[in-house]
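Working notes, structure below.
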Amino acid sequence: MSKRNQVLIGSGGILLSLFLGGLIFFIKAVYPMIQAEEDTAKVAHQFANVDTVDEFFSFTREETVYTIRGRGEGGKEVFVSVPKDGGNIQVTQVDDGMNRDAAMKIFKSKNKEVSEIAKVNFGIYKQKPIWEVVGKVKNGFAYGIVDFQSGKLIGME
């Protein structure tokens, strides 16, 4: 075997090892969130007869709460929020509050430095349903919490 072939085989082996290592690292990093979504979907089915999952949210402030937005009997849309470490499961009717677009508008109206919205997340904060809105600003990000039902901005960082 020529020196050139040895170098090519060795380089290919190193690249393959790096690829497989990166893939394993990625899978280990993503798996807990996939498992949380599956577990939350099971709870949503048990507590609110949710058969179709449309979205999954993970919100962390004082505690981590996972939420599924989905549809149950009759196509009624609900949010089912499940604390990561156990506790009260909260079912919120989607029609009982504002949508994410309204929450973004409220947040942007109170923070003129926001150039664009990076993320909007549903969660439970102090036992109340909220929208967490994350916006890009000049030196990083701004965070706001908008009450789902009243539309009031109840916190901003």
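Decide, for segment 97-156, between rounded, prolate and oblate: order the square roots of the alpha carbon gyration tensor eigenvalues as a ≥ b ≥ c, take rounded if a/c falls under 1.5, and otherwise choose prolate if a/b is larger than b/c, else oblate.
It comes out prolate by the Cα gyration axes.
For segment 102-141 and segment 62-92, what is the centre-to-centre distance using only Cα atoms, to the nearest Å?
Distance between centres, Cα-based: 20 Å.
For the chain, what is the relative contact order in percent, using Cα pairs closer than 8 Å and at least 6 residues apart in sequence?
Computed over the chain, the figure is 13 percent.
Can you tell me the Rg and the Dmax, both Å, for the Cα atoms in the chain?
For the chain, the Cα-based Rg and Dmax read 21.5, 75 Å.
The numbers here are math on the coordinates, done by the rules we state, and not lab data. For clarity, every value in this text was computed on a predicted model and none was experimentally measured.
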